[in-house]
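Take a look at the structure below.
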């Protein structure tokens, strides 16, 4: 099996297709298999790479929580690219992977052709921050004490997952079955080292205002914890597009794969053709009439 080395950790990856590279970065509750509809679609025109984050078998599962952090997860993307000798790539990430994608744009902008962040911002709401941290630690304890299969029962039917369950029971059942196979140690360490300690989206305002890499933020309109952070990114980041998908929860690429593929293909076409452009600053004038004097 192919592995990329990242600071002594082996990361399992798969690739398919030829052309400009795309690197897919998965969410907490899934792994590289969540990108299968995208790998099949985009590999017709792009070289597509998806990998399992540290803590997700068959990638290495470091025992120490200190081996997991937002910065480490972000640098893992860069190290996978270096292993494959990719100078630049489009980066597409969901949720936890969406956070890493945004941070990749802030830390490794020269390596990014574009950024697509799906369902990004969970845990950023200041009014819910304390609850988020309590819930994260409680879930980490569940993984450590109960094992993955039992630990995930409340998580997999959370308020931004039930949309998927209602739309596609068969797909949702597969999602739950794959989630149950995850390493309990890897999940607990990821929750404690990455999720609980990462900065909120709102704390990234300064970097986002200076970001020039094309950024597409995608959010389901029923993903309450990510919708407002997505709007915030659009308001402060001149390079950001924002797409809100109706009647949809958290992992848009899994819940609405065909629509997500079309939306992403349009964004990538704009970037690849040189037609993408940052927001016109005239649209930021506070007056609804524009400058009248």
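Just so it is clear, none of the values below were taken in a lab; they were calculated from the coordinates. All figures in this text were calculated on a predicted structure; none of them were measured in a lab. FYI the Cβ positions are ideal-geometry reconstructions off the backbone, even for glycines, and counts take in every protein chain you see.
With one equal scatterer per alpha carbon and no solvent term, the Debye-computed log10 I(q)/I(0) for the chain at 0.09 1/Å reads -0.40. Counting every pair of alpha carbons in segment 168-293, the share spaced more than 21 Å apart comes to 58 percent.
With the simple spin-label model, which puts each label point 7 Å out from Cα in the Cβ direction, the residue 167 to residue 202 separation comes to 2.8 nm. The C-alpha atoms of the chain define a longest principal axis, and helix 169-179 lies at about 60 degrees to it. Ranked by how many other Cβ atoms sit within 10 Å of their own Cβ, fewest first, the residues 56, 3, 122 fall in the order 3, 56, 122.
How tilted is helix 129-146 with respect to the longest principal axis of the chain? Cα atoms for both, answer in degrees (0 to 90, nearest 10). In the chain, helix 129-146 runs at an angle near 30 degrees to the longest axis.
Against the main long axis of the alpha-carbon atoms of the chain, helix 70-83 sits at an angle near 90°. To the nearest Å, what is the center-to-center distance of segment 136-167 and segment 1-48, using C-alpha atoms only? After rounding, the separation between the Cα centres reads 25 Å.
Taking a ≥ b ≥ c as the square roots of the Cα gyration tensor eigenvalues, with a/c under 1.5 meaning rounded and otherwise prolate when a/b beats b/c, else oblate, which class fits segment 132-217? It comes out oblate by the Cα gyration axes. The convex hull defined by the C-alpha atoms of segment 1-105 has an orientation-averaged projected area of 6.0 nm². Per residue, the average separation of C-alpha pairs within less than 8 Å and at least 6 apart gives the chain a relative contact order of 19 percent.
Could you please rank 35, 241, placing first whichever residue has the fewest other Cβ atoms within 10 Å of its Cβ?
The most exposed by this proxy come first: 241, 35.
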